[in-house]
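The structure appears right after this line, and notes come after that.
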Amino acid sequence: MKKVLVVGGGGREHAIVDALSRSPQVEKIYCAPGNAGIASQAECVPIKDTDVQSLMDFARNNGIDLTVVGPEAALAVGIVDAFRAAGLAIFGHSRKASYIESSKEFAKELMEKYGVPTAAYRSFTSYAEALEYVSSRPFPAVLKYDGLAAGKGVVIAETLEEADAALKDMLLDEAFGTSGKVVVEDFLSGPEFSFMCFVDGSRVYPMPLSQDHKRAFDNDKGPNTGGMGAYTGLTFITEEDHQFALEAVLQKTADAMVAEGCPLSGVLYGGLMKTSEGVKVIEFNARFGDPETEVVLPLMDSDIYDVFEAVATGRELSSPIVWSEDRTMGVVMASKGYPGSYSKGYNIELNVGEDRCHRIFHMGTARSEDGSYRTAGGRVLMCVARAHDLASCKEEAYAMVKAIKCENLFYRNDIAHWAFE
Ligand code: AMP
Ligand code: GLY
(Lines give C-alpha, C1' and ligand atoms only; values in the text may rest on other atoms or scores of the structure.)
(Ligands and ions follow the chains in the order given, each with its own letter.)
Protein backbone atom coordinates (compact mmCIF):
# COMPACT_ATOMS: atom_id res chain seq x y z
CA MET A 1 0.00 0.00 0.00
CA LYS A 2 1.23 3.45 -0.96
CA LYS A 3 1.71 6.78 0.74
CA VAL A 4 1.34 9.88 -1.41
CA LEU A 5 2.18 13.53 -0.83
CA VAL A 6 0.25 16.08 -2.91
CA VAL A 7 1.84 19.53 -3.11
CA GLY A 8 -0.52 22.53 -3.28
CA GLY A 9 -3.66 23.71 -1.58
CA GLY A 10 -6.42 24.73 -4.00
CA GLY A 11 -9.38 23.19 -5.81
CA ARG A 12 -7.06 21.46 -8.26
CA GLU A 13 -5.21 19.70 -5.45
CA HIS A 14 -8.51 18.78 -3.83
CA ALA A 15 -9.55 17.08 -7.07
CA ILE A 16 -6.18 15.28 -7.25
CA VAL A 17 -6.56 14.10 -3.64
CA ASP A 18 -10.14 13.03 -4.38
CA ALA A 19 -9.01 10.96 -7.38
CA LEU A 20 -6.15 9.40 -5.37
CA SER A 21 -8.56 8.51 -2.58
CA ARG A 22 -10.34 6.20 -5.06
CA SER A 23 -7.15 4.24 -5.73
CA PRO A 24 -7.19 0.80 -4.12
CA GLN A 25 -3.40 0.92 -3.66
CA VAL A 26 -3.24 4.23 -1.81
CA GLU A 27 -3.45 3.92 1.96
CA LYS A 28 -2.50 7.41 3.06
CA ILE A 29 -2.58 10.83 1.43
CA TYR A 30 -0.81 13.91 2.75
CA CYS A 31 -1.29 17.37 1.28
CA ALA A 32 1.06 20.34 1.74
CA PRO A 33 -0.30 22.79 2.63
CA GLY A 34 -3.81 21.59 1.65
CA ASN A 35 -6.91 23.43 2.82
CA ALA A 36 -9.87 22.87 5.14
CA GLY A 37 -11.82 20.83 2.58
CA ILE A 38 -8.84 18.72 1.56
CA ALA A 39 -8.40 17.92 5.27
CA SER A 40 -11.47 15.67 5.11
CA GLN A 41 -9.68 13.40 2.58
CA ALA A 42 -5.99 13.86 3.38
CA GLU A 43 -3.75 14.80 6.26
CA CYS A 44 -2.70 18.40 5.71
CA VAL A 45 0.83 19.43 6.63
CA PRO A 46 1.72 23.10 6.97
CA ILE A 47 4.56 23.32 4.44
CA LYS A 48 4.56 25.91 1.66
CA ASP A 49 4.47 24.52 -1.89
CA THR A 50 7.83 26.10 -2.79
CA ASP A 51 9.66 25.07 0.39
CA VAL A 52 11.47 22.25 -1.40
CA GLN A 53 13.85 21.31 1.40
CA SER A 54 11.05 20.88 3.98
CA LEU A 55 8.96 18.91 1.48
CA MET A 56 11.89 16.57 0.80
CA ASP A 57 12.51 16.11 4.52
CA PHE A 58 8.83 15.35 5.01
CA ALA A 59 8.78 12.83 2.15
CA ARG A 60 11.86 11.08 3.46
CA ASN A 61 10.78 11.00 7.12
CA ASN A 62 7.29 9.73 6.34
CA GLY A 63 8.11 7.01 3.83
CA ILE A 64 6.30 8.75 0.97
CA ASP A 65 6.21 6.52 -2.14
CA LEU A 66 5.27 9.28 -4.56
CA THR A 67 4.93 13.08 -4.48
CA VAL A 68 2.51 14.76 -6.91
CA VAL A 69 3.04 18.45 -7.69
CA GLY A 70 0.06 20.74 -8.39
CA PRO A 71 1.29 24.34 -8.74
CA GLU A 72 3.62 25.78 -11.38
CA ALA A 73 5.55 27.82 -8.81
CA ALA A 74 6.89 24.63 -7.22
CA LEU A 75 7.98 23.27 -10.64
CA ALA A 76 9.60 26.57 -11.53
CA VAL A 77 11.79 26.51 -8.40
CA GLY A 78 13.00 23.02 -9.33
CA ILE A 79 11.15 20.78 -6.88
CA VAL A 80 11.29 17.86 -9.31
CA ASP A 81 15.02 18.16 -9.97
CA ALA A 82 15.72 18.26 -6.23
CA PHE A 83 13.53 15.24 -5.40
CA ARG A 84 14.99 13.19 -8.24
CA ALA A 85 18.54 14.04 -7.25
CA ALA A 86 17.71 12.75 -3.77
CA GLY A 87 16.20 9.53 -5.17
CA LEU A 88 12.61 10.46 -4.25
CA ALA A 89 9.83 9.62 -6.75
CA ILE A 90 7.88 12.67 -7.92
CA PHE A 91 5.26 13.45 -10.58
CA GLY A 92 5.95 16.71 -12.40
CA HIS A 93 8.29 18.33 -14.89
CA SER A 94 11.90 19.30 -14.36
CA ARG A 95 12.57 23.00 -13.99
CA LYS A 96 13.85 23.16 -17.55
CA ALA A 97 10.81 21.40 -19.01
CA SER A 98 8.50 23.70 -17.06
CA TYR A 99 9.87 26.66 -19.06
CA ILE A 100 7.13 25.72 -21.51
CA GLU A 101 4.85 27.54 -19.08
CA SER A 102 7.15 29.86 -17.17
CA SER A 103 8.72 31.47 -20.24
CA LYS A 104 6.40 32.65 -22.99
CA GLU A 105 9.42 33.25 -25.21
CA PHE A 106 10.68 29.68 -24.77
CA ALA A 107 7.21 28.33 -25.66
CA LYS A 108 6.85 30.58 -28.71
CA GLU A 109 10.34 29.75 -30.00
CA LEU A 110 9.67 26.05 -29.60
CA MET A 111 6.36 26.29 -31.48
CA GLU A 112 7.94 28.31 -34.27
CA LYS A 113 10.87 25.90 -34.63
CA TYR A 114 8.70 22.77 -34.75
CA GLY A 115 5.70 24.19 -36.62
CA VAL A 116 3.13 24.01 -33.84
CA PRO A 117 0.28 26.37 -34.85
CA THR A 118 0.15 29.57 -32.79
CA ALA A 119 -0.17 33.35 -33.28
CA ALA A 120 2.74 35.16 -34.98
CA TYR A 121 4.91 36.99 -32.45
CA ARG A 122 8.05 38.96 -31.65
CA SER A 123 9.77 39.30 -28.32
CA PHE A 124 11.34 42.44 -26.89
CA THR A 125 13.47 43.68 -24.02
CA SER A 126 13.47 47.28 -25.20
CA TYR A 127 10.41 49.38 -24.41
CA ALA A 128 11.03 51.70 -27.38
CA GLU A 129 11.35 48.82 -29.86
CA ALA A 130 8.29 47.05 -28.50
CA LEU A 131 6.25 50.23 -28.78
CA GLU A 132 7.44 50.83 -32.32
CA TYR A 133 6.52 47.28 -33.34
CA VAL A 134 3.07 47.51 -31.72
CA SER A 135 2.37 50.80 -33.54
CA SER A 136 3.10 49.09 -36.85
CA ARG A 137 0.63 46.23 -36.24
CA PRO A 138 -3.17 46.03 -36.27
CA PHE A 139 -5.10 46.33 -32.99
CA PRO A 140 -6.01 44.79 -30.64
CA ALA A 141 -2.44 43.88 -29.68
CA VAL A 142 -1.65 41.03 -27.33
CA LEU A 143 1.15 41.76 -24.85
CA LYS A 144 2.48 38.98 -22.67
CA TYR A 145 4.88 39.48 -19.81
CA ASP A 146 7.54 36.77 -20.13
CA GLY A 147 7.39 34.96 -16.80
CA LEU A 148 4.99 33.51 -14.25
CA ALA A 149 2.49 36.21 -13.36
CA ALA A 150 -0.33 34.18 -11.78
CA GLY A 151 -2.48 34.48 -14.91
CA LYS A 152 -2.25 38.28 -14.88
CA GLY A 153 0.61 38.79 -17.31
CA VAL A 154 -1.49 39.16 -20.48
CA VAL A 155 -2.89 42.47 -21.67
CA ILE A 156 -5.11 42.78 -24.73
CA ALA A 157 -4.64 46.41 -25.74
CA GLU A 158 -7.33 47.99 -27.91
CA THR A 159 -5.43 51.23 -28.46
CA LEU A 160 -1.84 52.45 -28.66
CA GLU A 161 -2.30 54.28 -25.33
CA GLU A 162 -3.31 51.04 -23.59
CA ALA A 163 -0.41 49.18 -25.20
CA ASP A 164 1.99 51.92 -24.14
CA ALA A 165 0.79 51.77 -20.52
CA ALA A 166 1.10 47.96 -20.44
CA LEU A 167 4.59 47.97 -21.98
CA LYS A 168 5.68 50.54 -19.39
CA ASP A 169 4.32 48.32 -16.61
CA MET A 170 6.01 45.23 -18.03
CA LEU A 171 9.37 46.61 -19.16
CA LEU A 172 10.07 49.82 -17.24
CA ASP A 173 8.20 49.51 -13.93
CA GLU A 174 8.54 45.73 -13.33
CA ALA A 175 4.87 45.61 -12.31
CA PHE A 176 4.70 41.87 -13.11
CA GLY A 177 8.25 40.83 -12.24
CA THR A 178 11.83 41.36 -13.27
CA SER A 179 12.27 39.22 -16.41
CA GLY A 180 12.52 42.38 -18.53
CA LYS A 181 10.95 40.63 -21.51
CA VAL A 182 7.68 40.89 -23.37
CA VAL A 183 6.15 38.82 -26.14
CA VAL A 184 3.92 40.75 -28.54
CA GLU A 185 1.63 38.57 -30.61
CA ASP A 186 -1.21 38.79 -33.10
CA PHE A 187 -4.72 38.74 -31.76
CA LEU A 188 -6.65 35.55 -32.58
CA SER A 189 -10.36 34.98 -32.18
CA GLY A 190 -12.55 31.98 -31.64
CA PRO A 191 -13.70 29.80 -28.74
CA GLU A 192 -11.01 28.63 -26.34
CA PHE A 193 -10.72 25.18 -24.82
CA SER A 194 -8.35 23.21 -22.64
CA PHE A 195 -6.67 20.00 -23.64
CA MET A 196 -4.65 18.34 -20.89
CA CYS A 197 -2.50 15.25 -21.34
CA PHE A 198 -0.26 13.17 -19.15
CA VAL A 199 3.10 13.20 -20.90
CA ASP A 200 6.13 10.99 -20.35
CA GLY A 201 8.72 11.93 -22.97
CA SER A 202 7.05 11.08 -26.27
CA ARG A 203 4.21 9.11 -24.66
CA VAL A 204 1.05 11.23 -24.58
CA TYR A 205 -2.07 10.09 -22.71
CA PRO A 206 -4.92 12.50 -23.42
CA MET A 207 -7.58 13.57 -20.92
CA PRO A 208 -11.10 14.65 -21.93
CA LEU A 209 -11.41 18.18 -23.33
CA SER A 210 -12.80 20.90 -21.11
CA GLN A 211 -13.62 24.58 -21.20
CA ASP A 212 -12.89 27.20 -18.57
CA HIS A 213 -14.86 30.47 -18.05
CA LYS A 214 -12.30 33.17 -17.40
CA ARG A 215 -14.49 36.27 -17.00
CA ALA A 216 -16.03 37.07 -13.64
CA PHE A 217 -19.65 37.65 -14.73
CA ASP A 218 -22.40 36.14 -16.88
CA ASN A 219 -22.19 36.50 -20.68
CA ASP A 220 -18.38 36.55 -20.41
CA LYS A 221 -18.38 40.07 -18.98
CA GLY A 222 -16.18 41.60 -16.31
CA PRO A 223 -12.52 41.13 -15.42
CA ASN A 224 -10.43 38.03 -16.10
CA THR A 225 -10.25 35.60 -13.20
CA GLY A 226 -8.46 32.35 -12.52
CA GLY A 227 -11.63 30.62 -13.85
CA MET A 228 -15.26 30.74 -12.70
CA GLY A 229 -16.39 27.32 -13.87
CA ALA A 230 -15.68 24.54 -16.32
CA TYR A 231 -17.32 21.59 -18.03
CA THR A 232 -16.56 18.60 -20.23
CA GLY A 233 -18.52 17.52 -23.31
CA LEU A 234 -17.67 20.38 -25.68
CA THR A 235 -19.98 20.66 -28.66
CA PHE A 236 -17.94 22.98 -30.89
CA ILE A 237 -14.94 20.70 -31.33
CA THR A 238 -15.23 18.18 -34.16
CA GLU A 239 -13.51 14.82 -34.15
CA GLU A 240 -11.14 16.27 -36.76
CA ASP A 241 -10.24 19.27 -34.53
CA HIS A 242 -9.70 16.89 -31.63
CA GLN A 243 -7.38 14.65 -33.62
CA PHE A 244 -5.48 17.64 -34.98
CA ALA A 245 -5.04 19.07 -31.49
CA LEU A 246 -3.73 15.74 -30.23
CA GLU A 247 -1.31 15.09 -33.08
CA ALA A 248 -0.27 18.46 -34.48
CA VAL A 249 -0.18 20.24 -31.12
CA LEU A 250 0.30 18.01 -28.07
CA GLN A 251 2.17 15.05 -29.54
CA LYS A 252 4.31 17.35 -31.68
CA THR A 253 5.16 19.48 -28.65
CA ALA A 254 6.04 16.45 -26.53
CA ASP A 255 8.34 15.21 -29.32
CA ALA A 256 9.86 18.68 -29.68
CA MET A 257 10.70 18.79 -25.97
CA VAL A 258 12.43 15.41 -26.27
CA ALA A 259 14.40 16.70 -29.27
CA GLU A 260 15.39 19.82 -27.28
CA GLY A 261 16.78 17.66 -24.48
CA CYS A 262 14.15 18.63 -21.91
CA PRO A 263 11.53 15.86 -22.09
CA LEU A 264 8.19 16.48 -20.41
CA SER A 265 7.21 14.32 -17.47
CA GLY A 266 3.90 15.39 -15.99
CA VAL A 267 0.86 17.22 -17.32
CA LEU A 268 0.97 19.29 -20.49
CA TYR A 269 -1.97 21.67 -20.65
CA GLY A 270 -2.77 23.13 -24.06
CA GLY A 271 -4.78 26.34 -23.83
CA LEU A 272 -6.13 26.15 -27.39
CA MET A 273 -8.36 28.24 -29.61
CA LYS A 274 -10.50 27.12 -32.52
CA THR A 275 -9.83 29.91 -35.02
CA SER A 276 -11.15 30.23 -38.57
CA GLU A 277 -7.80 28.79 -39.66
CA GLY A 278 -8.01 25.81 -37.36
CA VAL A 279 -6.84 25.01 -33.83
CA LYS A 280 -3.98 27.15 -32.49
CA VAL A 281 -2.12 27.39 -29.21
CA ILE A 282 -2.81 30.36 -26.95
CA GLU A 283 -0.59 29.11 -24.15
CA PHE A 284 0.92 26.01 -22.62
CA ASN A 285 0.90 25.20 -18.95
CA ALA A 286 3.15 22.61 -17.37
CA ARG A 287 0.56 21.37 -14.86
CA PHE A 288 -3.09 20.57 -14.33
CA GLY A 289 -5.44 23.51 -15.02
CA ASP A 290 -7.59 24.97 -12.32
CA PRO A 291 -10.65 24.73 -12.52
CA GLU A 292 -10.42 22.21 -15.39
CA THR A 293 -8.95 19.46 -13.21
CA GLU A 294 -12.02 19.53 -10.98
CA VAL A 295 -14.25 18.53 -13.92
CA VAL A 296 -11.82 16.21 -15.70
CA LEU A 297 -10.49 13.94 -12.94
CA PRO A 298 -13.95 12.88 -11.69
CA LEU A 299 -14.32 11.16 -15.09
CA MET A 300 -11.27 8.97 -14.65
CA ASP A 301 -12.21 5.34 -14.11
CA SER A 302 -8.62 4.08 -14.08
CA ASP A 303 -6.44 4.09 -10.97
CA ILE A 304 -4.76 7.51 -11.02
CA TYR A 305 -1.92 6.30 -8.81
CA ASP A 306 -0.85 3.95 -11.62
CA VAL A 307 -0.80 6.82 -14.07
CA PHE A 308 1.19 9.13 -11.79
CA GLU A 309 3.63 6.39 -10.90
CA ALA A 310 4.13 5.30 -14.53
CA VAL A 311 4.83 8.85 -15.72
CA ALA A 312 7.07 9.61 -12.73
CA THR A 313 9.21 6.53 -13.34
CA GLY A 314 9.16 6.57 -17.16
CA ARG A 315 7.27 3.29 -17.45
CA GLU A 316 4.77 2.78 -20.27
CA LEU A 317 1.20 2.29 -19.05
CA SER A 318 0.13 -1.30 -19.58
CA SER A 319 -3.39 -0.31 -20.64
CA PRO A 320 -5.01 2.90 -21.87
CA ILE A 321 -6.52 5.26 -19.28
CA VAL A 322 -10.26 4.64 -19.01
CA TRP A 323 -12.51 7.71 -18.99
CA SER A 324 -16.24 7.70 -18.38
CA GLU A 325 -18.51 8.81 -21.22
CA ASP A 326 -20.40 10.94 -18.69
CA ARG A 327 -20.29 14.73 -18.64
CA THR A 328 -19.27 16.98 -15.77
CA MET A 329 -19.85 20.60 -14.93
CA GLY A 330 -18.50 22.72 -12.09
CA VAL A 331 -19.53 26.14 -10.81
CA VAL A 332 -17.06 28.24 -8.83
CA MET A 333 -18.30 30.25 -5.86
CA ALA A 334 -16.01 33.23 -5.29
CA SER A 335 -15.73 36.00 -2.70
CA LYS A 336 -17.58 39.19 -3.67
CA GLY A 337 -15.02 41.58 -5.14
CA TYR A 338 -12.81 38.82 -6.58
CA PRO A 339 -10.61 39.08 -8.70
CA GLY A 340 -10.12 42.51 -7.12
CA SER A 341 -9.93 42.97 -3.36
CA TYR A 342 -12.31 41.00 -1.14
CA SER A 343 -12.69 40.19 2.52
CA LYS A 344 -12.44 36.75 4.11
CA GLY A 345 -13.75 34.93 7.15
CA TYR A 346 -17.45 34.56 6.23
CA ASN A 347 -19.22 31.54 7.60
CA ILE A 348 -20.25 28.85 5.07
CA GLU A 349 -23.09 26.38 5.56
CA LEU A 350 -22.49 23.57 3.09
CA ASN A 351 -25.84 21.71 3.42
CA VAL A 352 -24.92 19.38 0.53
CA GLY A 353 -24.53 15.62 0.57
CA GLU A 354 -21.65 14.37 -1.57
CA ASP A 355 -21.30 11.17 -3.57
CA ARG A 356 -19.42 10.02 -6.68
CA CYS A 357 -21.50 12.36 -8.90
CA HIS A 358 -21.69 15.37 -6.58
CA ARG A 359 -18.40 16.79 -5.37
CA ILE A 360 -17.56 20.00 -3.56
CA PHE A 361 -13.95 20.96 -4.11
CA HIS A 362 -12.56 23.53 -1.73
CA MET A 363 -10.48 26.22 -3.39
CA GLY A 364 -10.06 28.62 -0.48
CA THR A 365 -11.65 27.68 2.85
CA ALA A 366 -10.54 27.46 6.46
CA ARG A 367 -12.08 25.87 9.57
CA SER A 368 -13.45 27.99 12.39
CA GLU A 369 -12.94 26.94 15.99
CA ASP A 370 -16.50 25.59 16.13
CA GLY A 371 -15.69 23.26 13.20
CA SER A 372 -17.62 25.18 10.55
CA TYR A 373 -16.05 26.35 7.30
CA ARG A 374 -15.31 29.95 6.46
CA THR A 375 -14.11 31.74 3.35
CA ALA A 376 -10.34 32.10 3.07
CA GLY A 377 -9.60 33.03 -0.55
CA GLY A 378 -10.80 34.63 -3.76
CA ARG A 379 -12.18 31.46 -5.25
CA VAL A 380 -13.73 29.53 -2.38
CA LEU A 381 -15.67 26.44 -3.52
CA MET A 382 -16.44 24.57 -6.72
CA CYS A 383 -19.57 22.44 -7.00
CA VAL A 384 -19.10 19.68 -9.56
CA ALA A 385 -21.85 17.42 -10.86
CA ARG A 386 -21.37 14.36 -13.05
CA ALA A 387 -24.22 12.94 -15.14
CA HIS A 388 -25.01 11.31 -18.46
CA ASP A 389 -25.77 14.64 -20.14
CA LEU A 390 -24.82 18.28 -19.59
CA ALA A 391 -28.35 19.52 -18.96
CA SER A 392 -28.57 17.20 -15.94
CA CYS A 393 -25.10 18.28 -14.80
CA LYS A 394 -26.22 21.87 -14.93
CA GLU A 395 -29.35 21.21 -12.90
CA GLU A 396 -27.44 19.26 -10.27
CA ALA A 397 -24.47 21.61 -10.03
CA TYR A 398 -26.69 24.66 -9.53
CA ALA A 399 -28.83 22.80 -7.00
CA MET A 400 -25.63 22.31 -4.96
CA VAL A 401 -24.63 25.95 -5.39
CA LYS A 402 -28.07 27.14 -4.25
CA ALA A 403 -28.07 24.92 -1.17
CA ILE A 404 -24.80 26.45 0.06
CA LYS A 405 -25.38 29.42 2.34
CA CYS A 406 -22.77 32.16 2.59
CA GLU A 407 -23.46 35.87 2.44
CA ASN A 408 -20.25 36.88 0.70
CA LEU A 409 -20.11 34.54 -2.33
CA PHE A 410 -21.09 35.07 -5.96
CA TYR A 411 -21.08 32.76 -8.99
CA ARG A 412 -21.86 32.75 -12.69
CA ASN A 413 -25.25 31.48 -13.79
CA ASP A 414 -24.23 30.51 -17.30
CA ILE A 415 -21.49 27.92 -16.98
CA ALA A 416 -21.36 25.72 -20.10
CA HIS A 417 -23.41 28.26 -22.10
CA TRP A 418 -21.36 27.41 -25.19
CA ALA A 419 -22.81 23.91 -25.13
CA PHE A 420 -26.41 25.11 -24.93
CA GLU A 421 -26.31 27.76 -27.71
P1 AMP B 1 -2.67 33.31 -21.41
O2 AMP B 1 -2.24 33.66 -20.00
O3 AMP B 1 -1.58 33.25 -22.41
O4 AMP B 1 -3.60 32.13 -21.42
O5 AMP B 1 -3.67 34.48 -21.84
C6 AMP B 1 -4.80 34.80 -21.09
C7 AMP B 1 -5.95 35.01 -22.01
O8 AMP B 1 -5.68 36.06 -22.92
C9 AMP B 1 -6.26 33.81 -22.88
O10 AMP B 1 -7.05 32.86 -22.24
C11 AMP B 1 -6.97 34.47 -24.03
O12 AMP B 1 -8.34 34.68 -23.71
C13 AMP B 1 -6.28 35.78 -24.17
N14 AMP B 1 -5.26 35.69 -25.21
C15 AMP B 1 -3.97 35.32 -25.06
N16 AMP B 1 -3.33 35.31 -26.23
C17 AMP B 1 -4.22 35.70 -27.17
C18 AMP B 1 -4.16 35.91 -28.58
N19 AMP B 1 -3.03 35.74 -29.29
N20 AMP B 1 -5.30 36.29 -29.20
C21 AMP B 1 -6.43 36.49 -28.50
N22 AMP B 1 -6.55 36.32 -27.19
C23 AMP B 1 -5.46 35.93 -26.51
N1 GLY C 1 -7.67 27.42 -16.05
C2 GLY C 1 -6.49 28.03 -16.49
C3 GLY C 1 -5.27 27.64 -15.79
O4 GLY C 1 -5.23 26.75 -14.97
O5 GLY C 1 -4.25 28.25 -16.06
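Some notes on this structure:
- Qualifying lysines (Cα of each under 26 Å from Cα of LYS344; at least 8 residues distant if same chain): LYS48, LYS152, LYS214, LYS221, LYS336, LYS402, LYS405
- Among ALA391, CYS406, VAL352 - extreme Cα towards positive end, dipole of region 326-417, charges at beta-carbon: CYS406
- Rounded accessible area per residue of region 183-332, 1.4 Å, Å²: 34 Å²
- Whole-angstrom gap from region 118-182 to region 357-421, using each part's C-alpha centre: 35 Å
- Counting only Cβ charges, +1 for Lys and Arg and -1 for Asp and Glu, the dipole size of region 346-421 around its Cα centre is about 180 debye.
- Note on LEU160 and ALA399: their simple-model spin labels are 5.8 nm apart, each label 7 Å out from Cα toward Cβ.
- Under DSSP loop assignment and at most 15 Cβ neighbours within 10 Å, longest chymotrypsin sites (Phe, Trp or Tyr not before Pro)-free interval of the chain: 1-186
- Tensor-based shape of the chain (alpha-carbon gyration tensor, a/c under 1.5 rounded, otherwise prolate or oblate): rounded
- Relative contact order (%) - region 76-134, alpha-carbon pairs under 8 angstrom, separation at least six: 21 percent
- Mean separation of Cα pairs under 8 Å and 6 or more residues apart, divided by the residue count, gives the chain a relative contact order of 17 percent.
- Restriction of the trypsin sites (Lys or Arg not before Pro) in region 255-352 to DSSP coil positions whose beta-carbon has at most 14 other beta-carbons within 10 angstrom yields ARG315, LYS336.
- When only the Cβ of Lys, Arg, Asp and Glu is charged (+1, +1, -1, -1), the dipole of the chain relative to its Cα centre reaches about 780 debye.
- Within region 275-374: Cβ-based charge dipole about Cα centre, in debye rounded to nearest 20 (Lys, Arg +1; Asp, Glu -1): 480 debye
- Partners of LYS3 within straight-line reach, counting lysines whose Cα lies under 17 Å from its Cα and excluding those fewer than 8 residues away in the same chain: LYS28.
- Global geometry of region 1-72, whether rounded, prolate or oblate, following the gyration tensor of its Cα atoms and the 1.5 cut on a/c: oblate
- Shape call, region 286-421: gyration tensor on alpha carbons, a/c limit 1.5: prolate
- Gain in span if fully extended, GLU277 to ASN224, counting 0.36 nm per residue against the direct Cα distance: 16.5 nm
- When the Cα positions of ALA376, ASN224, VAL322 are compared along the charge dipole of the chain, ALA376 comes out farthest toward the positive end, with charges on each C-beta of Lys, Arg, Asp and Glu.
- Restriction of the GluC sites (Glu not before Pro) in region 150-246 to DSSP coil positions whose beta-carbon has at most 15 other beta-carbons within 10 angstrom yields GLU158, GLU174.
- Which of MET196, VAL154, SER179, positive extreme of dipole for the chain (C-beta unit charges): SER179
- Accessible-area composition of the chain, carbon plus sulfur, in percent [1.4 Å probe]: 48 percent
- Computed FRET value (nearest 0.05) for GLN243 with ASP370, which takes r as the C-beta separation and R₀ as 60 Å: 0.65
The values are calculated or read from the model by the stated rules, or taken from the named source; none is laboratory data. Quick caveat, the model's predicted, so the values are computed rather than measured. Here Cβ is always computed from backbone atoms with ideal geometry, including for glycine, and neighbour counts include all displayed protein chains. Heavy atoms of the whole protein, side chains included, go into the accessibility calculation; ligands, DNA and RNA do not. Shrake-Rupley method; radii C 1.70, N 1.55, O 1.52, S 1.80 Å.
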